[in-house]
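Taking it in order: structure first as structure tokens, then the write-up.
The values are calculated or read from the model by the stated rules, or taken from the named source; none is laboratory data. Note that the structure is predicted; figures quoted are calculated from it, not measured. A quick note on method: Cβ atoms are made from the backbone with ideal geometry, for glycine too, and the neighbour counts reach across all protein chains shown.
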Amino acid sequence: MAKLVTDLLALSRYDNNESKEPKEEFDLGELVKQCQDKVQLEIGKKHHTVECFVTANVPAVYADKEGIERVVLNILTNSIKYTLDGGNIKIYVGFVYNDAYIKIIDNGIGIPEEDLTRIFDRFYRVDIARSREMGGTGLRTIYCKRNTRQK
């Protein structure tokens, strides 16, 4: 319940352009590895194999560190949740041209092609039955649109 309230308050701040999340320089690869550590219990419960690769010399990024962490945790948690027991999840952190990126690949159930255009719609859920079974609110996806570019 506390997590839901926190998400709703953050969403309200973003909607009202009141977000004053401080930007800072940080190591993106290290942040992703810390996120993996935070969900290690869920990974273990589902017997997943998770590998994290930093594929390039990624310079420090200047961004809202907590916001980026929310996005990574949201996507990684979804990957764990929607991948059948014993699945494989790979996380790549890299740098191409002037952009740092994070890519999470799993062998889970995926998102139907007809729903891909709606992944940034607030509260949108692909399947109501699946939502009831798996839980979640669809709230945190909004953070994917926020400041993720290097200074």
ILE89 fails exactly one of (1) modelled with pLDDT of 95 or more; (2) part of a loop (DSSP other than H, G, I, E, B), namely (2)
Residue list for the stretch 94-119, filter: in contact (Cβ under 8 Å) with a residue 24 or more places away in the chain, of a type in the set (D, E, K, R) and over 12 Å from ALA56 (Cβ atoms)
ASP106
Over the stretch 61-74, the set of residues part of a helix (DSSP H, G or I) and in contact with a helix residue (DSSP H, G or I) (Cβ under 8 Å, 6 or more places away or on another chain) is LYS65, GLY67, ILE68, GLU69, ARG70, VAL71, VAL72, LEU73, ASN74
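The rows are residues; the columns are (1) touching a Phe, Trp or Tyr at 6+ places or on another chain (Cβ under 6 Å); (2) of a type in the set (A, V, I, L, M, F, W, C); (3) within 16 Å of GLU51 (Cα to Cα).
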{"residue": "ILE75", "(1), (2), (3)": "no, yes, yes"}
{"residue": "ILE80", "(1), (2), (3)": "no, yes, yes"}
{"residue": "LYS90", "(1), (2), (3)": "no, no, yes"}
{"residue": "TYR97", "(1), (2), (3)": "no, no, no"}
{"residue": "LYS103", "(1), (2), (3)": "yes, no, yes"}
Of LEU31, LEU4, the only residue that is at pLDDT 95 or above, under 17 Å from the mean Cα position of the chain (by Cα), not in a loop (DSSP other than H, G, I, E, B) and not basic (Lys, Arg) is LEU31
For the condition surrounded by 17 or more Cβ atoms within 10 Å (Cβ to Cβ), assigned to a loop (DSSP other than H, G, I, E, B) and either touching a Pro at 6+ places or on another chain (Cβ under 7 Å) or at pLDDT 85 or above (or both), what is the one hit in VAL50, VAL58?
VAL58
